[in-house]
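The structure under discussion appears below in the form of structure tokens.
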Amino acid sequence: MTGDELRQLLDRELEPAGRAWLAGAEAAVRKDPRVVQTAFPAAGRSVGRRLLAGDPPTGWTADDAARALLLITLGDAAGEQVPDLFGYGDADEQRAVVRSLHLLPPVPGAAELVAAASRSNDRRLVAASLGPWALAHLDDEAVAQSVLKCVFQEVPLTGLPGLAERATPRLSRMLAELAHERIAAGRPVPEDVWPLIERFPPEDTLARIEAEQEHPVPERRAAARAALASRRGQET
Amino acid sequence: MRIFDPHIHMSSRTTDDYEAMYAAGVRAIVEPAFWLGQPRTSVGSFVDYFQSLLGWERFRASQFGIRHHCTIALNPKEANDPGLRTEVLSILPRFLAKDGVVAVGEVGYDSATPDEDAAFEEQVAMGQEHRLPLLVHTPHRDKAAGTRRSIDLLRAAGVPGEMAVIDHNNELTVEDTLDSGYWAGFSVYPDTKMDVDRMVRILQQYGTDRILVNSAADWGRSDPLRVRKVADAMTAAGFDADDVDKVVWRNPVEFFGRSGRLELDEPAPDAAATFAGNSILRGAPAGS
Ligand SMILES: [Zn+2]
């Protein structure tokens with residue numbers, strides 16, 4: 001998603017009042033970058049929060065898109081303003097910052113902002129912590145931590161181009177061990193962990209999961225069979 | 001019965017309170033920023049407090065089916081620390097711009113010092129700039145004088161009647177407040193300030209226009225179900241259901257609605273956790 005594409009998608013959905021607000025806010029920010037400090041929080045109630053239509057789904061809401069455009073408008077002032085917009089931001093504002101990083105000039109401390117987002121209790125903010133900027137720039141350990149946080153928060157791992165390429169033997173193993181832990185507790189395993197496990201299959205852990213299918217505790221047997229069926233389902 | 005408690009400090013309360021409030025009919029609340037029982041020593045403590053009102057506390061309330069809003073301000077007690085005052089006032093505009101902030105407050109007087117005058121005036125101007133109503137705390141000591149002084153300051157700044165509520169009124173301040181054209185808030189406590197029966201007598205004498213009833217429950221001895229108890233006492237005293245609904249729901253909705261930022265659709269429990277459904281997490285349909 002580029003800034004221009006985002007503007008087109010948003011423009012299709014904006015009411016006249018929202019369009020006027022955005023144009024005014026962008027002009028004011030261009031004149032004085034500090035205006036972003038109060039325009040950025042006001043975006044939701046000014047342009048709405050609807051999911052922008054598109055096929056495939058855009059994954060962008062109107063407020064996220066408007067905030068991204070305000071950040072792009074900052075130009076070289078982004079480096080100065082963006083860290084505080086995140087620091088003073090509520091979950092919606094922080095999410096917009098994290099989602100926009102790949103559209104902006106380098107922001108100091110961006111990796112720390114993404115790490116903070118992934119530690120949040122807000123699932124949409126956690127989801128944003130595995131966005132395009134994160135997948136292109138974070139180190140392996142940070143990617144692994146964000147992936148695990150998503151799985152724990154039941155944030156889907158689908159729709160993330162480039163995630164499979166960031167898998168490492170360590171991430172595949174951590175996810176397989178997490179799957180085993182879930183099975184041992186008789187709980188379901190989210191099916192979207194399997195493609196990442198398959199990148200570097202940890203044979204010993206997978207063998208232990210196979211063995212769970214014959215475990216004396218019925219809940220464990222059932223959880224293992226369901227998990228392995230969903231694994232096979234994804235191979236076909 | 002639907003209840004809107006327009007002044008309650010939920011950060012100091014438990015999840016049992018949230019459950020009991022929902023069961024009693026509470027569906028929306030306003031949590032004013034106030035002092036924490038002891039002085040803060042740096043602006044960062046205020047930032048974290050404001051963030052918790054806008055983030056964690058809103059999330060907690062939503063899990064119990066209650067819409068949480070807040071007011072943001074530097075309270076009068078802590079306005080007396082000059083270094084802190086300058087720093088906190090400088091970060092307030094960022095917070096006054098946020099969704100879920102429905103007024104500037106609690107502002108007003110504690111000891112009526114020149115420092116308090118300065119902070120009050122500056123924050124009244126911020127309210128005008130951000131088009132937000134004002135929630136004005138009145139002092140425990142010398143309350144009648146503090147109330148009149150607050151009214152004078154608001155008038156001098158040109159704040160219209162419908163854009164400020166003077167809070168914590170009693171029998172001796174209610175006439176000054178209502179005559180001024182501003183709204184009158186009443187904090188109904190288990191033993192001090194105002195009790196349930198006195199509150200009903202005030203409603204009988206002065207009517208239900210421009211009156212807000214709140215529990216002001218906080219970390220002190222207080223009761224988060226006081227607004228419901230006032231509603232029940234009104235019914236017992238012969239007020240009809242429409243009068244009760246006006247006092248415990250429509251009045252606060254009208255007053256804080258002037259911010260344009262009230263959100264009154266009821267959140268499903270766990271709504272914040274699944275905000276707008278899975279599909280919005282990544283734009284992918286749930287389960288795909
Ligand atoms: Zn209070």
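Structure above, values below:
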read-out	value
Residue within region B:21-39 that is in contact with a Gly (Cβ under 8 Å, 6 or more places away or on another chain), hydroxyl-bearing (Ser, Thr, Tyr), within 16 Å of the ligand (Cβ to nearest atom) and away from chain A (no Cβ under 14 Å) present	no
Flag if A:Asp140 is within 18 Å of the chain's Cα centre (by Cα) and open to solvent by 70 Å² or more (accessible area, probe 1.4 Å)	yes
Residue, least open to solvent (accessible area, probe 1.4 Å), within region B:142-175, restricted to residues that are among the charged types (D, E, K, R) and either within 14 Å of chain A (Cβ to nearest Cβ) or within 16 Å of the ligand (Cβ to nearest atom) (or both)	B:Asp167
Residues (away from the ligand (no atom under 13 Å from the Cβ) and either in a helix (DSSP H, G or I) or buried (at least 18 other Cβ atoms within 10 Å of the Cβ) (or both)) located in region B:212-222	B:Val213
Test: A:Thr168 is within 14 Å of another protein chain (Cβ to nearest Cβ) and of a type in the set (Val, Ile, Thr)	no
Test: residue in region B:200-211 that is away from every other protein chain (no Cβ under 14 Å) and within 13 Å of the ligand (Cβ to nearest atom)	no
Residue under evaluation B:Gly100, criteria (1) buried (at least 18 other Cβ atoms within 10 Å of the Cβ); (2) on the phi < 0 side of the Ramachandran plot; (3) within 14 Å of chain A (Cβ to nearest Cβ), criterion not met	(2)
Flag if B:Val124 is outside any helix (DSSP H, G or I), open to solvent by less than 20 Å² (accessible area, probe 1.4 Å) and of a type outside the set (Lys, Arg)	no
Residue count for region A:88-123, restricted to those that are closer than 17 Å to A:Ala43 by Cα and either more than 14 Å from every other protein chain (Cβ to nearest Cβ) or assigned to a helix (DSSP H, G or I) (or both)	10
Unique residue being within 11 Å of another protein chain (Cβ to nearest Cβ) and touching a residue at least 12 places away in the same chain (Cβ under 8 Å) when the list is A:Thr38, A:Thr61, A:Thr73	A:Thr61
Checklist (1) among the polar types (S, T, N, Q); (2) within 16 Å of the ligand (Cβ to nearest atom); (3) within 14 Å of chain A (Cβ to nearest Cβ) applied to B:Ser90, failing item	(2)
Selection status of B:Ser111, surrounded by fewer than 19 Cβ atoms within 10 Å (Cβ to Cβ) and assigned to a loop (DSSP other than H, G, I, E, B)	yes
Residue in region B:122-133 that is within 16 Å of the ligand (Cβ to nearest atom) and under 14 Å from B:Arg85 (Cα atoms) present	yes
Filter result for B:Ala119 (of a type in the set (Gly, Ala, Ser), under 23 Å from B:Asp142 (Cβ atoms) and more than 15 Å from the chain's Cα centre (by Cα))	yes
Region A:41-58, residues that are among the β-branched types (Val, Ile, Thr) and facing chain B (nearest Cβ under 7 Å)	A:Thr58
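To keep it simple, each residue is scored yes or no on (1) at pLDDT 95 or above; (2) open to solvent by less than 40 Å² (accessible area, probe 1.4 Å); (3) not basic (Lys, Arg).
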| residue | (1), (2), (3) |
| --- | --- |
| A:Ala23 | yes, no, yes |
| A:Lys31 | yes, no, no |
| A:Val36 | yes, yes, yes |
| A:Leu51 | no, no, yes |
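The values are calculated or read from the model by the stated rules, or taken from the named source; none is laboratory data. What you are looking at is a predicted structure, and each value in this text was computed from that prediction instead of being measured. Cβ: placed from backbone, ideal geometry, glycine included. Neighbour counts: every protein chain shown. For accessibility, only protein heavy atoms count, side chains too; no ligands or nucleic acids. Shrake-Rupley method; radii C 1.70, N 1.55, O 1.52, S 1.80 Å.
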